[in-house]
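Asks: Questions regarding the structure given below will be posed in turn.
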Amino acid sequence: LTPLSVRNLSLCQYIQASKARDGASPFISSTTEGENFEQTPLRRTFKSKVLARYPENVEWNPFDQDAVGMLCMPKGLAFKTQADPREPQFHAFIITREDGSRTFGFALTFYEEVTSKQICSAMQTLYHMHNAECDVLHSPSVDGRDHSGMEDGEGTPGTKLQRFNSYDISRDTLYVSKCICLITPMSFMKACRSVLEQLHQAVTSPQPPPLPLESYIYNVLYEVPLPPPGRSLKFSGVYGPIICQRPSTNELPLFDFPVKEVFELLGVENVFQLFTCALLEFQILLYSQHYQRLMTVAETITALMFPFQWQHVYVPILPASLLHFLDAPVPYLMGLHSNGLDDRSKLELPQEANLCFVDIDNHFIELPEDLPQFPNKLEFVQEVSEILMAFGIPPEGNLHCSESASKLKRLRASELVSDKRNGNIAGSPLHSYELLKENETIARLQALVKRTGVSLEKLEVREDPSNNKDLKVQCDEEELRIYQLNIQIREVFANRFTQMFADYEVFVIQPSQDKESWFTNREQMQNFDKASFLSDQPEPYLPFLSRFLETQMFASFIDNKIMCHDDDDKDPVLRVFDSRVDKIRLLNVRTPTLRTSMYQKCTTVDEAEKAIELRLAKIDHTAIHPHLLDMKIGQGKYEPGFFPKLQSDVLSTGPASNKWTKRNAPAQWRRKDRQKQHTEHLRLDNDQREKYIQEARNMGSTIRQPKLSNLSPSVIAQTNWKFVEGLLQQGEPWLLTKRMLVEKMGREAVELGHGEVNITGVEENTLIASLCDLLERIWSHGLQVKQGKSALWSHLLHYQENRQRKLTSGSLRILLDSERRKSDASSVMSPLRISLIQDMRHIQNIGEIKTDVGKARAWVRLSMEKKLLSRHLKQLLSDHELTKKLYKRYAFLRCDDEKEQFLYHLLSFNAVDYFCFTNVFTTILIPYHILIVPSKKLGGSMFTANPWICISGELGETQILQIPRNVLEMTFECQNLGKLTTVQIGHDNSGLYAKWLVEYVMVRNEITGHTYKFPCGRWLGKGIDDGSLERILVGELLTCQPEVDERPCRTPPLQQSPSVIRRLVTISPNNKPKLNTGQIQESIGEAVNGIVKHFHKPEKERGSLTLLLCGECGLVSALEQAFQHGFKSPRLFKNVFIWDFLEKAQTYYETLEQNELVPEENWHTRARNFCRFVTAINNTPRNIGKDGKFQMLVCLGARDHLLHHWIALLADCPITAHMYEDVALIKDHTLVNSLIRVLQTLQEFNITLETSLVKGIDI
């Protein structure tokens, strides 16, 4: 029979208090080293010592005297007089051993009168010494200390102190602290507290208890068994019954601390912040005057992490002698006792940037820097708040809470809901919402939630189950409510992780070697395919998840998964979590749903609550009652008011043959060997394990597919038809493709009748993950043998193998050339070959992707981006022999019509541009192919200088790449640049003929096939064109032509918008077609409108801002036309550029400033700004030429919202009169004013320029 597992009862008291004055001092010495002596003697702490323990030793749980002594009285021994409050204080603590195992302690500290005259007189002597010291210190002048609580003007400061906090042996009674403590292997906190309180009551009550104390303690140590999983147990305390219950092996693990207290102390918002810090393994320091609060908060936060476990230093109560632990440079979760006098500013803590400091008593939390938000935090907070409201707890906590919160506390929400007299209909969402309206936290949430489109009006308060229960539970109502709230909150938190990590298993990398060698090398081993897992996640989750996957707790969780691969040896926590994940998967197979970042509420609360209520209503086991022990006459008597030293001989061993065991307990729980029992008490017995494994196997088979091998053809046909019918009737591929198209094409598509408005805003990542799930389900249907975790990747590998075999035999060589994609019109770049095998190889070469599921998903993403998904899958399934070999006759992939219908639907994805591969695998190496097309007409072949190129994209830019002379095509490899935006091209001006006319540059991503064209049409060379040796070219993605052999899709292909003016390859920019003022105004209006539209789109849908500024129809080009209009024509063979005009204007304003003839302050500022920018651009080390400088000025002016000021300045400049004809746009005040108004609309936008545009400028 298992005791509640053999607990040691230890007593802590003092020894020679007067001599042992070196006790733990308060943690911060405010003045000198002897700070403990500055305290009055009654406020000092003294060394404590363990007086006795019963039994002396337990074989499997050795007694750690130092640890127990420190943790029972973390600040040491304390003295008080009759004037001080002396209520007993309970606290729990935890002892963590070197091997990581934990033991729980539960301590009750109370005060007993000091009977030793020697100690009393020693205390009196200490006071005389202390008062004498104070008189010496304070006699010259009264100090400025705050002696609050004393009457003014009474004697010297010394006597004031004496009166305030003194001890007089003739008048006062001296008391000293004593502690009784239970040590247990499992945390039954409520039961242990009751045991200790009843023992203390027995000693202090006027009537002695019916039996000697030894009988009760013997009973608890040896005759009260540990309740088996899923059972409850009743045993007798000194005065009343005590109940404890233990969750079954498929419920959340045992947790006995009140979650309610944590939310009342900190409030929902602070709890969530603390929870996030703990998950990301920051250093956490809890701070409170109450030891039990420190323990409750620490245990609650670590329990809510299920299925993850805190892996670092864990000391919820830090004894005063171990304060140096706070300097540890590792993550920790520690609790520090405050004396209630020192405030936060007195605490000198190391490494505060990474510290989460929680002042529990003052409802205050200090967070580390750049803490990411927990996924779906708003909805999660809302769900938890609803539960708290149902139990009458305001979400902002009960400290410093508003009037509405205290009003709420008096008015239990559950009573409101079922209050028939007020005409309320139970369950109506109205009341809770009205209540919450006054609540600050929820008001802030509501504002945020509204923006996300979730309605808070639907917020429901759950009806309090304790009000309408039929069960008669055997504990009081308050205790039941604590149980209910605990399980509800824990289930909601556990549900978050179940939803977030529902498919974690497929990304676990199983080791190729045996377990032992894996275990020794596991530090170096990768155990989880992080890149693939993150690629499936909604974008807002990434800041949190990318950091969480790097934590020790996540790594240990996955290690556990690998180590316990068989169901038999699974860690109990992992087993519970996996069974929950399996349920979600099973649900998704029966009723397939689209993946979405929408919040999934917890549905397991009622079931979990019911299990606890049943255990409390029907007690499974009752332990035997305490009874008289074999003690000598006279033993067991003690003096009232003092906890005695007990008879250790009767408490040292348990019963030799336990007759009660045989009579009361079912055979399956008998255990002969207590040590073996201890190691097994967390595991299942064999019958339960078999039953569970069988359930798991059954569940597994239903998840995969029906076992059909031995059924009749008619049944096979029927089952197959159900799957196909289910798939097609739910319209899943249709719904999914529709959602994905609507997501990409935005509201315009909705307005055109493509879908419902509520589908927009769904995460692209989760939609693509849904598509991958769908493909996996289709490819898993009717498999002959499942190989690996991804049926799709397995099929692709078989195809690859077949292809390679046929290639070596030479039968397929002719096919390859026909598979080239039609080249883009007029490009000289050799087209990229379409090859399913090549795309597979690209994925196989990415080192970051470790699992088959990850590879399949990456391949789907790549095919989507290349607009080849339908085509590739069609090609994969064209190998009929392979499909027959891998799939049974009834499989979806062997139903030709349905398969064709499905592939046809996938074609509609080609209507939009996806970057789902490029944007997810941001760190991989990608080969890029460059083609430079110089003008054939104008002596490109004679060019003698050394060209260079630099390519920029949304994710980064290359170094300067030197291009070998006379080489116009090259391939290089670098980290993924994302969508390409600009190319900087130039040369070193060396050799006899250093003039180069470049028509355009093309760059192609060799993996995704995306090709960008960067038009140039200008010279690079000194003394020609604008004298530029370097140009910044802005590129556009070329759209590919639809394949001829594919059926046309019903959505029209994306058309490239026609350009207003095409730049011509000209010797001089002045040869551009001249536009009239109306056309110029229109082009400026369009350019500005494009920028405004850009900023009004959601961030994810925005294109390239650089293109809108510097592209063919961009703002720079439009303003260039405005300044070219009416420009006086230059003399023959000499070009005059806009920049020449701007430089002259700058000189004019600088001269004006020197002569101090500036008309007004505003003009002064504008002119100075203009001159500063022009000077900075002229001083740049880059050889960008005059038009390049003009482009840079326009970009900087747009960024700093100065363009409209400059236009006004230049319109009034006398230089304009010399250089422009009278008909010029810049001389027409009406046109200039309208131009200024248009440019002013850019003021409200925060324009960020790409580095390539402003390189070399520091302004």
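The values are calculated or read from the model by the stated rules, or taken from the named source; none is laboratory data. Quick caveat, the model's predicted, so the values are computed rather than measured. Don't worry about glycine lacking a Cβ; one is built from the backbone with ideal geometry, like all the others, and counts go over all protein chains shown. Quick note on the areas: whole protein, heavy atoms, side chains included, nothing else; ligands and nucleic acids left out. Shrake-Rupley method; radii C 1.70, N 1.55, O 1.52, S 1.80 Å.
Asks: Could you compute how much accessible surface LEU906 exposes when probed at 1.4 Å, giving the result in Å² to the nearest 10?
Replies: Here the residue's solvent-accessible area equals roughly 0 Å².
Asks: Modelled label-to-label distance, LYS1128 and THR1151, 7 Å Cα→beta-carbon offset: nm?
Replies: Calculated label separation equals 1.5 nm.
Asks: Sticking with this one: Could you rank ASP476, ASP620 by how accessible they are, 1.4 Å probe, largest area first? Provide the component values of the computation, followed by the final result.
Replies: Working: ASP476 90, ASP620 50 Å².
These residues rank, largest area first, as ASP476, ASP620.
Asks: Taking the Cβ-Cβ separation of PHE642 and LEU322 as r and a Förster radius of 25 Å, what is the calculated FRET efficiency to the nearest 0.05?
Replies: 0.20
Asks: Could you tell me which of rounded, prolate or oblate describes segment 1072-1258, using a ≥ b ≥ c as the square roots of the eigenvalues of the alpha-carbon gyration tensor, with rounded for a/c under 1.5 and, failing that, prolate when a/b is larger than b/c and oblate otherwise? Intermediate values should be presented prior to the final figure.
Replies: Numbers: a/c = 1.43, a/b = 1.27, b/c = 1.12.
Rounded is the answer for segment 1072-1258, as its axis ratio a/c remains below 1.5.
Asks: To the nearest 10 Å², what's CYS772's accessible area with a 1.4 Å probe?
Replies: That residue has around 10 Å² of solvent-accessible surface.
Asks: Between segment 891-915 and segment 175-209, how many Å separate their Cα centres?
Replies: About 71 Å separates the Cα centre of segment 891-915 from the one of segment 175-209.
Asks: Right, something else. Taking the Cβ of SER236 as the center, what net charge do the other residues with Cβ under 15 Å away carry, scoring Lys and Arg +1 and Asp and Glu -1?
Replies: Details: positive: LYS234; negative: GLU197, GLU214, GLU223.
Value of the local net charge: -2.
Asks: Normalised by the residues of segment 986-1038, what does the relative contact order come to in percent, with Cα pairs under 8 Å and at least six apart? Show your work: numbers first, answer last.
Replies: Working: 88 pairs, mean separation 19.7, N = 53.
Once normalised by length, the contact order is 37 percent.
Asks: Please compute the net charge surrounding TYR1012, taking Lys and Arg as +1 and Asp and Glu as -1 over other residues with Cβ under 9 Å from its Cβ. Write down the numbers at each step before the final one.
Replies: On the way: positive: LYS979, ARG1004, LYS1013; negative: GLU1036.
Residues near TYR1012 contribute +2 overall.
Asks: In addition: Using alpha-carbon positions, what is the distance between the centroids of segment 275-340 and segment 973-1010, in Å?
Replies: Segment 275-340 and segment 973-1010 have Cα centres separated by 56 Å.
Asks: Compare the Cα positions of GLN1121, TYR1220, THR1147 along the charge dipole of segment 1072-1258 (+1 at Cβ of Lys, Arg; -1 at Cβ of Asp, Glu; about the Cα centre) and return the one farthest towards the positive end.
Replies: Of the options given, the answer is GLN1121.
Asks: Could you order LEU587, LEU907 by accessible surface area, starting with the largest, using a probe radius of 1.4 Å? Could you put the intermediate results ahead of the total?
Replies: On the way: LEU587 110, LEU907 15 Å².
Sorted by accessible area, descending: LEU587, LEU907.
Asks: Another question, then. Starting from the 7 Å offset along Cα-to-Cβ, what nm value, one decimal, do you get for the label separation of LYS936 and ILE509?
Replies: Label at LYS936, label at ILE509, 5.1 nm between them.
Asks: Going by average Cβ density within 10 Å per residue, which order do the peptides 998-1006, 107-115 take, highest to lowest? Walk me through the numbers on the way to the answer.
Replies: Working: 998-1006: 21.1, 107-115: 18.1.
Descending mean neighbour count gives 998-1006, 107-115.
Asks: R0 = 45 Å: FRET efficiency of THR1241 with LEU925, Cβ-based, nearest 0.05?
Replies: On the way: r = 42 Å, r/R0 = 0.94.
After rounding, the FRET efficiency stands at 0.60.
Asks: Could you sort out which of LYS530/LYS786; LYS1074/LYS1144; LYS786/LYS855; LYS1074/LYS1227; LYS260/LYS583 sit more than 22 Å apart by Cα distance in this structure? Don't skip to the end; give the middle numbers.
Replies: On the way: LYS530/LYS786 24 Å; LYS1074/LYS1144 24 Å; LYS786/LYS855 17 Å; LYS1074/LYS1227 17 Å; LYS260/LYS583 29 Å.
Cα-Cα > 22 Å for LYS530/LYS786; LYS1074/LYS1144; LYS260/LYS583; rest within.
Asks: Okay, next question. Testing the spin-label approximation: label points 7 Å from Cα along Cα→Cβ at SER101 and ASN57. State their distance in nm.
Replies: Output for this residue pair reads 1.5 nm.
Asks: Rolling a 1.4 angstrom probe over the protein chains, ignoring ligands and nucleic acids, what is the accessible area of ARG805 in square angstrom, nearest 10?
Replies: Surface open to solvent at ARG805 totals about 140 Å².
Asks: Run the numbers on segment 1072-1258 and let me know its relative contact order in percent, using alpha-carbon pairs under 8 Å that are six or more apart.
Replies: Numbers: 173 pairs, mean separation 51.8, N = 187.
So the answer I get is 28 percent.
Asks: What percent do you get for the relative contact order of segment 186-261 when only Cα pairs under 8 Å and 6+ apart count? The partial results should precede the final answer.
Replies: Working: 69 pairs, mean separation 28.0, N = 76.
Worked out over segment 186-261, it gives 37 percent.
Asks: Moving on. For ARG1237, ARG53, ARG97, give the ranking by accessible area with the largest first, probe 1.4 Å.
Replies: Working: ARG1237 145, ARG53 50, ARG97 75 Å².
Largest to smallest exposure gives the sequence ARG1237, ARG97, ARG53.
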